[in-house]
Every structure is written in C-alpha cells, then in structure tokens.
DNA sequence: TAAAAATACTCCATAGGTATTTTAT
DNA sequence: ATAAAATACCTATGGAGTATTTTTA
C-alpha cells in the first residue's frame, strides 16, 4: 500500500541514471558516494528490483527495469514539486485578492 | 531544487484530506495522532503554505492551497508506485524470457 | 464534559558521514 | 597506479511514541 521508498530515493536513482557515475551523481546530490551507493542498494533490496548493472567493472548501466523506473520517478518528482508550487500560488492569490 | 518533503508527507496530507479528521487519518496511516499532526505542520512550515483550516474548533477543512496540493500529491504517489510496479514487471520479463 | 487537535518531552532508528577495501583499467 | 564502487563502522539528527494540555461543540 505505502511505497517502501521516499522522494530522496527517486531523486538518487534519477541522477545516477543521468550521470552513470556514482561519484559525480553524489556531488550533484550534495551527499557522499558511499551514502548514495547505499541508497540505491536500499531501493533495489527493499523492492526486489535491479536498477543498475554494475557487476562488470566501474561502468554503470541502466537495466530495462531501471529505465522503466526512472521514467515514472521523474513524473513523481515533477508532481511533488508542482504540489508545492500550486499550493504556494493558491496561497498568494489569497494574499493579493 | 529538491522538494523539502518526502512521500510520507504527501501520503499524510492525502489521507487527512480524505478523512478530515486527524485521529481517523492517523489510524489509517498506522501512526499516532500527534505524529500525524506534526507531519502536517512540518509540510506547512517548511514550504510556507497552509493546507488545512483548523483554527476554529475541531472541524478540519481543506484550504484552496490544500486542494491544489492534494491533487498533485495523489499523482506523485501514483507515479512512485508505478515506478516500482513497472520495474518489477521488467525484471520478471527477464526471468521468464 | 467529551472528543479531537496541539504541545512537550523522550528515545531510538536510521540517514548520513569517515575510513577503508576491493576491483578493474 | 588510479579511479570508482562497495563495505564497515560510527554518530547525530529527527521521526515516532507517550503523556498531557488546550479547545470547542
């Protein structure tokens, strides 16, 4: 019923998918590489899915499951931000009415 | 850039909006009423928005901002769940291929 | 006075960090 | 030899709980 992840996990997966490099992704997210590594592993373990192939060497690749996940994750993040923006806009309307 | 809330907050707002009663909503969320009360306040404070009118008495009402927020929050939660479902489906495809 | 939300406080789980190891170029 | 990811461990923040107070219908 309740998703076993938080927005921070979605954000993490999306950025890693864009960078295909944990170290750079961690910088963008303002967290350390081990923390990011753990977050991704957490998402995969908790939900029984494999999002990235990183078995062979240091090259990080999206799996098919990862690609599907990222697309929806982007939408979720987008709507979450819109929720705040629209609520702010509605509040401001009241202020200037 | 990064939303100052997590999915649990979105879930909390959505359920309170449906119940219009913090105690019942808390039950549905499997948390206590004070915890829920605090979560909602947190969302409002951190983002400078007012989602519920609960100044007068014990009647809880959605504000305009709240209504806008809830709609997007539902979408965000929906996409988050779909992210997991689709990823699982993609994984299973591989297994049965 | 009863029912519901808010407040005060306490505590523990866990998110995040540092240090290190492993691995593949 | 280097660059990047994983692992181990530790700490501190804050998420969640219990107890209590406030409020109004």
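The values are calculated or read from the model by the stated rules, or taken from the named source; none is laboratory data. Since we're looking at a predicted model, the values are computed, not measured. With ideal geometry, Cβ positions are generated from the backbone for all residues, glycine too; neighbour counts draw on all protein chains shown.
Restricting to segment A:63-76, give me the number of residues that are touching a helix residue (DSSP H, G or I) at 6+ places or on another chain (Cβ under 7 Å) and not in a helix (DSSP H, G or I).
Of the residues in that region, 0 qualify.
If a residue must be touching a helix residue (DSSP H, G or I) at 6+ places or on another chain (Cβ under 6 Å) and within 9 Å of DNA strand C (Cβ to nearest atom), how many such residues does segment A:1-31 contain?
Summing the residues that are touching a helix residue (DSSP H, G or I) at 6+ places or on another chain (Cβ under 6 Å) and within 9 Å of DNA strand C (Cβ to nearest atom) in segment A:1-31 gives 5.
Which residue out of A:70, A:43 is more than 13 Å from DNA strand D (Cβ to nearest atom) and modelled with pLDDT of 95 or more? Walk me through how you get there before you give the answer.
Numbers: A:43 fails: more than 13 Å from DNA strand D (Cβ to nearest atom).
Just a single option satisfies the conditions, and that option is A:70.
Which of the residues that make up segment A:9-25 are within 10 Å of DNA strand D (Cβ to nearest atom) and either within 11 Å of the chain's Cα centre (by Cα) or closer than 21 Å to residue A:81 by Cα (or both)? Talk me through it step by step, then tell me what you get.
Of the residues in segment A:9-25, the ones within 10 Å of DNA strand D (Cβ to nearest atom) are A:16, A:19-25.
A:16, A:25, listed by residue number.
Given the condition at pLDDT 95 or above, within 13 Å of DNA strand C (Cβ to nearest atom) and facing another protein chain (nearest Cβ under 8 Å), answer yes or no: does some residue in segment B:73-89 qualify?
Step one: list which residues in segment B:73-89 are at pLDDT 95 or above, which gives B:73-89.
From the residues that got through so far, the ones that are within 13 Å of DNA strand C (Cβ to nearest atom) too are none.
No: segment B:73-89 contains no residue that is at pLDDT 95 or above, within 13 Å of DNA strand C (Cβ to nearest atom) and facing another protein chain (nearest Cβ under 8 Å).
Tally time: how many residues in segment B:5-47 are surrounded by fewer than 20 Cβ atoms within 10 Å (Cβ to Cβ), within 8 Å of chain A (Cβ to nearest Cβ) and not in a helix (DSSP H, G or I)?
Qualifying residue count for the region: 1.
Since residue B:51 meets every condition but one in (1) crowded, with 17+ Cβ neighbours inside 10 Å; (2) under 10 Å from the mean Cα position of the chain (by Cα); (3) within 13 Å of chain A (Cβ to nearest Cβ), which condition does it not meet?
(2)
Is it true that some residue in segment B:48-62 is assigned to a helix (DSSP H, G or I) and either at pLDDT 95 or above or out of contact with any strand residue (DSSP E or B) (no Cβ under 9 Å at 6 or more places or on another chain) (or both)? It would help to see each step written out before you state the result.
As a first pass, look at segment B:48-62 and keep what is assigned to a helix (DSSP H, G or I): none.
Taking every residue of segment B:48-62 in turn, none turns out to be assigned to a helix (DSSP H, G or I) and either at pLDDT 95 or above or out of contact with any strand residue (DSSP E or B) (no Cβ under 9 Å at 6 or more places or on another chain) (or both).
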